[in-house]
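Reviewing the structure listed below.
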Amino acid sequence: MRREQHEHTSFTFLGFTFRQRKAHNRTTGKHFLGFQPAMNSEAKKAKGTQLRRLALHRQTNLTMDDLARRLNPVVRGWMQYYERFYRTEMWPLLGRVSTCLMRWARAKYRRLRADKGFRRWWQGVQQRSPLLFAHWTWVRTY
């Protein structure tokens, strides 16, 4: 059989979609196409729904540390499960976690509603405590 006959073959198993993806050869540094697993799009939607149900932006009575204690076990579990294969597929979801945190900060602190002040504050928080949220080890947005 020729390779071209299988280019549209894919299947889902345990939250991973196995299909043809771009891969990197570490010894030669060249890219090639391989049949690899990555986070399933349905799993991404489910995690997004779970994140939306947490309604972080409405919990303005909590501190950043309280949010980290509540959010980190959930996000760390996602990261540990899906990190083994094609971790870049998770980056949009982790960026969405950061977006939820940004919404929370803007709702809690009125002075952060202007973009310039918010950006300065957000970068300062990430510099002062880079390990506060679990997903900041992989993705830093803004």
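The values are calculated or read from the model by the stated rules, or taken from the named source; none is laboratory data. Predicted model only: the values in this text are computed from it and were never measured. Don't worry about glycine lacking a Cβ; one is built from the backbone with ideal geometry, like all the others, and counts go over all protein chains shown. Only protein heavy atoms, including side chains, enter the accessible area calculation; ligands, DNA and RNA are left aside. Shrake-Rupley method; radii C 1.70, N 1.55, O 1.52, S 1.80 Å.
Within the option set Arg96, Arg58, Arg110, being of a type outside the set (A, V, I, L, M, F, W, C) and under 30 Å from Phe13 (Cβ atoms) holds for one residue only, Arg96.
Provide a single number: the residues in segment 68-92 that are more than 22 Å from His24 (Cβ to Cβ) and not charged (D, E, K, R).
Looking only at segment 68-92, we keep the residues that are more than 22 Å from His24 (Cβ to Cβ), and these are 68-78, 80-81.
Subset that is not charged (D, E, K, R): 68, 71-75, 77-78, 80-81.
Residues meeting the conditions: 10.
Within segment 2-13, identify whether any single residue is open to solvent by 80 Å² or more (accessible area, probe 1.4 Å), in contact with a helix residue (DSSP H, G or I) (Cβ under 7 Å, 6 or more places away or on another chain) and outside any strand (DSSP E or B), and answer yes or no. Within segment 2-13, none of the residues are open to solvent by 80 Å² or more (accessible area, probe 1.4 Å), in contact with a helix residue (DSSP H, G or I) (Cβ under 7 Å, 6 or more places away or on another chain) and outside any strand (DSSP E or B). Only one entry of Gly34, Gly48 meets the criterion of being more than 12 Å from the chain's Cα centre (by Cα) and either open to solvent by less than 50 Å² (accessible area, probe 1.4 Å) or under 26 Å from Phe13 (Cβ atoms) (or both), and that entry is Gly34. On inspection, Leu62 passes the criterion of being under 26 Å from Phe133 (Cβ atoms), of a type in the set (A, V, I, L, M) and either assigned to a loop (DSSP other than H, G, I, E, B) or more than 19 Å from the chain's Cα centre (by Cα) (or both).
Whenever a residue of segment 130-141 is open to solvent by 20 Å² or more (accessible area, probe 1.4 Å), its partners that are of a type in the set (Lys, Arg) and assigned to a helix (DSSP H, G or I), lying with C-beta atoms within less than 9 angstrom and at least six residues away or across chains, give the pairs Trp138/Arg87. Filter segment 83-96 down to the residues that are touching a Lys or Arg at 6+ places or on another chain (Cβ under 9 Å) and either aromatic (Phe, Trp, Tyr) or surrounded by 19 or more Cβ atoms within 10 Å (Cβ to Cβ) (or both), then identify the one that is farthest from Ser129 (Cα to Cα). Result: Tyr86.
Got at least one residue in segment 107-118 being in contact with a helix residue (DSSP H, G or I) (Cβ under 7 Å, 6 or more places away or on another chain), open to solvent by less than 30 Å² (accessible area, probe 1.4 Å) and within 14 Å of Met64 (Cα to Cα)? Don't jump to the end; show me each part of the working.
Our first condition is that a residue be in contact with a helix residue (DSSP H, G or I) (Cβ under 7 Å, 6 or more places away or on another chain); within segment 107-118, this holds for 107, 111-113, 117-118.
Then drop every residue that is not open to solvent by less than 30 Å² (accessible area, probe 1.4 Å), which leaves 112, 117-118.
So of that shortlist, the ones also within 14 Å of Met64 (Cα to Cα) come out as none.
No, the conditions are met nowhere in segment 107-118.
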